[in-house]
1. I'm trying to understand the selection: among the residues of the range 109-137, which are of a type in the set (A, V, I, L, M, F, W, C) and touching a residue at least 12 places away in the same chain (Cβ under 8 Å)?
2. So which pairs qualify, if the first residue must be in the range 296-317 and under 23 Å from Ala231 (Cα atoms) and in contact (Cβ under 8 Å) with a residue 24 or more places away in the chain, the second must be among the hydroxyl-bearing types (Ser, Thr, Tyr) and part of a strand (DSSP E or B), the Cβ gap must be under 7 Å, and the two must be at least 6 apart or on different chains?
3. Can you list residue pairs whose Cβ atoms sit under 6 Å apart, with the first residue in the range 20-31 being among the β-branched types (Val, Ile, Thr) and the second being in a helix (DSSP H, G or I)? Count only pairs 6 or more apart in sequence or on different chains.
4. Is it true that Tyr180 is modelled with pLDDT under 95, buried (at least 17 other Cβ atoms within 10 Å of the Cβ) and within 16 Å of the chain's Cα centre (by Cα)?
5. Check the range 48-61 and report whether any residue there is more than 30 Å from Asp109 (Cα to Cα) and either at pLDDT 90 or above or buried (at least 18 other Cβ atoms within 10 Å of the Cβ) (or both).
6. Which condition number does Thr307 fail, the rest of (1) β-branched (Val, Ile, Thr); (2) modelled with pLDDT under 95; (3) in contact with a His (Cβ under 8 Å, 6 or more places away or on another chain) being met?
7. Going by what's in this entry, would Arg55 be described as touching a residue at least 12 places away in the same chain (Cβ under 8 Å), touching a helix residue (DSSP H, G or I) at 6+ places or on another chain (Cβ under 8 Å) and not in a helix (DSSP H, G or I)?
Amino acid sequence: MIIDIPTKNDFYTMADHIVNEAWEKIADLAYDYREFDIWNDFYKESEYFSESDVRNTDHYWSFARPKLITAFNLILQSIEFRLKGLIVEISPYLLITNATRNMPKADCDGNISFSEFHTLDSQDLIRVHNTFASKALPDQFTTWFNSIRILRNRFMHSVDNKTDIMPHLIFTSIIQAHNYLNPESAHWIWHRYKYRAAHASGGINVGIEEDEEFSGIVWSMLQTHYEFTAAISACSKESVRELFGYAKNNAKDNNPNESFYCKKCVSVMEKGWNFDGKHLDGALETVQYHRGKKMYICAFCLDEQKTKPRGIWEEDD
C-alpha cells in the first residue's frame, strides 16, 4: 500500500516557505544597495564630504550573483511545488512515473512511502496538469515558465558568466508566479506581510508574542514596507506599475507622482514598542492617486479613500 500521500496543501505550504526565503534574501540585499545609493548622493551634494567618501557599488551585484542564482532556483522550485499541488488535487498518482518498471521496495509491512517513487520531471508538469485538469493553465504562463526554466538550467548546469542576473528578475518572477498560480490569494506584498507576521517568532516562544506591541502582525508591518521599498527601487517603472500598481518616481522626473504614507499601515507600525516616526524615512510613501478608480489607494494594503491624504500625523477632514 502507498502511504504518506501528499496533499495540495502540503505542496503549497512548502512552496510558500521556499519562495518567501528567496524574496527575503534578495530584498535585504536590495535594501542595503538602496541605502548605499542614498548616502552616496548625500556625500556628492554635501560640501563636507569628498569623492573619497563615496562608496563604489559597481561590483555589489556581481558579488551577490551566487545569492541571486540561488534565489532564482528557489523560485523555480516553488513554482514546481505549486504545479505538483495542482496535479495532486486531481489525483496524486498522476505524479508517479515508471512505477511498473522501477517499483520501490515495500517495507516489512508491505507499505511504500509516496516519496520513494520517481515523480514527474519539471518539463512535464504543465502538460500533465493541462491534460487532466478541467481548466488548463494559460499559454502565457506556459511560455513564461519554460523561458525561466531555460534560464535556470543555464545557471545551474553550467558556468554561465555572460548572462546577467539582477534583483529585478527575482522580484518580478516571484510576483508573476504568485499572480498566475494564486489567483484567489491576496496580492503578493500583502501575502508576504501575512507570511512574515505568522513566522516572526522564528519558532521560538519567548513569552511576549501575545503582547500586541511585540506581535508579528505589528513588528512585520514596517519590515515588509522596507522590503516593498527595496523591490520598487530595484525594478523598472514599467514593471512596478504592472506588478505593484505603483507609479515609481525618478529623481529626474519633472512632474513626479504625489505619494503619501498610508495611515492605516502606520497605525499598525506605531503599536510597536520601539517605533519612532523617523523609521518611516527608510520606507516609501505607498498611497497614490488612481485615476481609473478616482481614489487614493495604498499599493501595500490596498486601502482606498476619496479625499487627498494629509500629513501622516495630521487629522483628516
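1. We begin by selecting, within the range 109-137, every residue of a type in the set (A, V, I, L, M, F, W, C); these are 112, 114, 117, 120, 125-126, 128, 132-133, 136-137.
Ile112, Phe114, Phe117, Leu120, Leu125, Ile126, Val128, Phe132, Ala133, Leu137, listed by residue number.
2. Taking only residues 6 or more apart or on different chains, the pairs are Tyr296/Tyr289.
3. Final answer for the pair search is Ile26/Ala71; Ile26/Pro167; Ile26/Ile170.
4. yes
5. yes
6. (3)
7. Taking the combined requirement at face value, the residue satisfies it.
Let's see how each residue does on (1) closer than 24 Å to Pro183 by Cα; (2) assigned to a loop (DSSP other than H, G, I, E, B):
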{"position": "Cys108", "(1), (2)": "no, yes"}
{"position": "Arg127", "(1), (2)": "yes, no"}
{"position": "Leu137", "(1), (2)": "yes, yes"}
{"position": "Phe141", "(1), (2)": "yes, no"}
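The values are calculated or read from the model by the stated rules, or taken from the named source; none is laboratory data. Please read these numbers as outputs of a predicted model, since none were measured by experiment. Cβ atoms come from the backbone with ideal geometry, glycine included; neighbour counts cover every protein chain shown.
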